[in-house]
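The values are calculated or read from the model by the stated rules, or taken from the named source; none is laboratory data. Since the model is a prediction, treat every value here as computed from it, not as a measurement. FYI the Cβ positions are ideal-geometry reconstructions off the backbone, even for glycines, and counts take in every protein chain you see. Surface areas here come from the heavy atoms of the whole protein model, side chains and all, with no ligands, DNA or RNA. Shrake-Rupley method; radii C 1.70, N 1.55, O 1.52, S 1.80 Å.
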Amino acid sequence: MSMDRGVAGPPSENGRHWRGPVGPTIVVAVAALAFAFAMLGRDLPPGAWSDAVFFSGGGAVDLVLFRYTVLPRVVVAVLAGGGLALAGTLMQAALRNALAEPATLGAASGAQLALTIAAVVAPALLPAARVGPAFAGAFAATAVVLALSWRGGLAPLRVVTAGLLVTLLCAAFSTAIVLFHEKVAQGLYLWGAGSLVQNGWGEASIVFPAVALAWAAALLLSRPLQLLALGDETARGLGVPAVPLRLGVLTLAVALAAVIVSAVGVIGFVGLAAPAIARLFGGSRIREQLVCAPLIGASLLLATDLALQPLAGYGLAIPAGAATALFGAPILLYLLPRVRMVALSGEASPRGAVRVQRSGLMIGSAMLLLVLATVGALVVGAGESGIGLTPWAELSSQLPWRLPRTVAALAAGAMMAGAGVILQRMSGNPLASPEILGISSGAALGAIVLVVAFPVADKWTLMFAAGGGAATVLVIMLRTSARLGFAPDALLLCGVAVGTIFTTLVAIVMAAGPPRLMTLLTFLTGSTYRVGFQDAIAVLAVASATLPLAFLLARWLEIHPLGDAVAQSLGVVVKRSRLTMILVASAMVAAATLVVGPLSFVGLVGPHAARLAGCRRAGEQLAGAAIFGALMMVVADWLGRTLAFPYQIPAGLVATLIGCPLTIWLFVTRR
C-alpha cells in the first residue's frame with residue numbers, strides 16, 4: 001500500500017502483524033535498556049543506585065548528581081522520544097502522510113520561535129511559563145502549514161513542503177533574534193538544538209503527564225483512526241466524522257509536541273523515524289503503531305543521548321536533537337521513493353500572473369531602478385536628523401564605508417538569483433533555490449569549518465571552502481534524487497533533507513565550538529557591514545567570472561528541462577553539462593553566501609520576478625533574475641543600515657523579510 005494513500009493497512013489474519021512488530025520492538029527496547037545500564041554504570045556503580053534513588057538528604061556528591069542530573073536526563077530522554085514518536089504517529093494517521101511529524105510540519109520550529117521571543121521579551125517569566133508560548137507558536141505554525149496546503153487537498157508532499165518552508169522561515173527569525181541578543185545566544189543555540197541536560201526533576205514532571213494523557217487518548221482513538229485510513233467517505237459512512245477527527249488528532253499531536261519542545265528544545269525526525277521503523281517491523285494497524293512507535297522512539301533518543309555523553313569529556317558537547325536530525329534526514333531520503341510524487345511544471349506561471357511580452361522593456365526598467373537604487377544607497381543615509389541626502393562634505397567620509405557593501409550586495413544578489421535560475425531549470429522545479437535546497441547551508445558550513453580550523457584564513461580561501469560545501473550539497477542532492485527520476489517535488493524534499501544535515505552540522509559547530517564562533521552569527525544572517533574594499537573586489541570578481549559563464553550555459557538550460565533523453569538526442573552530454581552547471585552554481589552560491597548569508601530567498605524570488613516580467617528564454621531569465629536579485633539586495637542593504645540607525649540590520653535578514661511573503665505567495669499559486 002503506497003504511503004501517500006495512508007500509513008496503515010488492513011488488519012492481517014490471526015493477528016500475525018500484531019505479533020510481528022511487538023517482538024522486534026521489545027528487542028530494540030531491551031537493547032536500549034542494556035546500553036543504558038552499561039553507560040549509567042560508568043557514572044555510579046550499580047550497587048549504589050538504590051542509595052541515590054532513595055536517599056532522603058545529604059549524601060555524597062556523586063549520589064546527588066546521579067539523582068538530580070543523570071536519572072532525570074534518562075527519564076526525559078525516554079519521555080521526549082516516546083512523546084515525539086507518538087505525535088508523529090498521530091500526525092501521519094490524521095493526514096495519511098508518511099512524512100508528517102512535528103519537525104516536518106513546522107510545529108517544532110514554531111514553538112522554538114515563540115520560546116526564543118519569550119526568552120528575550122520576558123526572561124524572568126520564561127522558566128515557569130514556557131508551555132504557553134510553545135503552544136501558541138506550535139499551533140500558529142501548524143495552522144499556516146495547513147492553510148498553505150488546503151487548496152491542494154492536503155496532498156502529502158504539498159503539506160510537507162509547506163511545513164519545511166515554514167520551518168526555514170521560523171529558523172531564520174529565531175537566528176535573527178539571537179543575533180540581536182548575544183548574551184543569551186549560546187544558551188539559545190544549545191537549547192534550540194535539543195539539549196537533554198537536566199538539573200532536577202522539573203522537566204520530567206511536566207512532560208510525563210502530557211505523554212501519559214496523550215498516549216491514553218491516542219489508544220482510545222485508534223479504532224476511528226483505523227477507519228479514517230480507509231478514506232473520508234468510507235469513514236463517514238461508518239459513523240466517523242472525518243474532519244473533526246483529523247483536527248482533534250492534530251491538535252492533540254501539536255499540543256504534545258509543544259510541551260516537549262518547551263522542555264528540551266527541538267529534537268527533529270524522531271517522530272518520523274519511529275513510526276517508519278514500526279511499520280517496517282510489520283505494524284500495519286494504527287493500534288500497533290501507537291504501541292510500538294513510542295517505545296522505539298524512546299529507545300532511539302535514549303541510546304543516542306547516552307552515546308553522545310562521553311564526547312562531552314573531549315570538549316564536544318553535541319545536543320541530542322542535532323544528532324537525531326543527522327540520522328532522521330537520511331530516513332526522510334529513504335521514504336521519498338515510497339511516496340507518490342506530484343509533478344510540477346518548471347515553466348508554469350503562477351495563477352493570475354500577467355504574461356508580459358515586452359521583456360526587454362521590463363528588464364530595461366529594472367536596470368534603471370537598479371542604477372537609481374545603487375546611487376541612492378551611496379548618497380542617501382540616516383543621521384541624527386533622520387533619513388536624507390548626505391551633505392557633500394560628509395559624503396567623502398561615508399563612501400569608503402558605503403561603496404564596498406553596496407557593490408558586494410549588488411554582486412551577491414545577482415549571483416544568488418543567477419544560481420536560482422540554473423537550479424530551477426536544471427531540476428525543472430519552480431521552487432528550487434540555493435536557500436531551500438540547502439546549498440547555501442553547505443556553503444556556510446564549509447566557511448565555518450575553515451574558520452574553526454584556520455582562524456586567519458584569507459577571503460579567497462574562505463570562498464574556496466564555501467564553494468566546496470555548496471558543491472558537496474548539490475552533488476549529494478542530485479545523486480540521491482537521480483533514482484527518483486528527478487521528480488520536481490522529490491528533488492525539492494531531497495534537497496531539503498540533505499540541507500538539513502548540513503544545517504544541523506552548522507548548529508553543532510556553533511553550539512559546541514568556542515564562544516568566539518558566536519561572532520559568525522552576523523555571517524549566518526547575511527551582514528554586509530564588515531565588508532571592505534578587498535571583500536567587495538573578491539565578490540565582484542567572482543560575479544564577473546561566473547555570470548558570463550552562466551549565459552554560455554543558456555542552451556543547456558533550455559534543453560535540460562525537456563529531460564535527459566531529449567538532451568542526449570540533441571547532442572548534449574548530460575553528465576558533463578550537469579557537472580558544469582553544478583560547478584558554476586556552486587561558485588555563485590559560495591561567493592554570495594559570504595555576503596548575504598545562507599537564507600535570503602533572493603535565489604528563489606529573482607528567477608520568478610524575471611519570469612513574471614516576461615523573460616521566458618534562459619538567457620533572458622538569467623539577465624532579468626540577475627538584475628532583480630541585485631536590486632533586491634541593494635535595497636535590503638540600504639534598509640538594513642537606515643531603518644534602525646545607528647543599529648545595523650543584516651541585509652540577508654531584510655531580504656528574508658522581503659522574500660518571506662513572496663515565497664508563500666509563490667507556493668500557494670504555483671499549482
One finds the C-alpha centres of region 559-574 and region 385-415 to be spaced, in Å, by 45
What accessible area per residue, rounded to a whole number of Å², is obtained for region 584-626 using a probe radius of 1.4 Å?
-> 15
Here, Val375 and Trp150, labelled 7 Å along Cα→Cβ, have an inter-label distance in nm of 4.8
Could you please state how large a percent of the accessible area of region 206-278 is carbon and sulfur, counting protein chains only and using a 1.4 Å probe?
-> 76
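Given the peptides 566-574, 287-295, arrange them by the average over their residues of other C-beta atoms within 10 Å, most packed first. Please report the intermediate quantities before stating the final value.
Numbers: 566-574: 13.1, 287-295: 25.7.
Ranking the peptides 566-574, 287-295 by packing returns 287-295, 566-574.
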Could you please report the charge total around Ala412, scoring K, R as +1 and D, E as -1 over all other residues with beta-carbon less than 12 angstrom from its beta-carbon?
-> -1
Relative packing of peptides 74-81, 430-437 - highest average C-beta neighbours within 10 Å first = 430-437, 74-81
Report P(r) for region 59-127: all Cα-Cα distances, bin width 5 Å, range 0 to the bin holding the largest distance, values in whole percent.
-> 3, 14, 13, 13, 15, 17, 12, 7, 3, 1, 0
What relative contact order, as a whole-number percentage, does region 208-293 give when Cα pairs under 8 Å and 6 or more residues apart are counted?
-> 36
Net charge (Lys, Arg +1; Asp, Glu -1) of residues whose beta-carbon lies under 13 Å from that of Gln648, Gln648 excluded, is +3
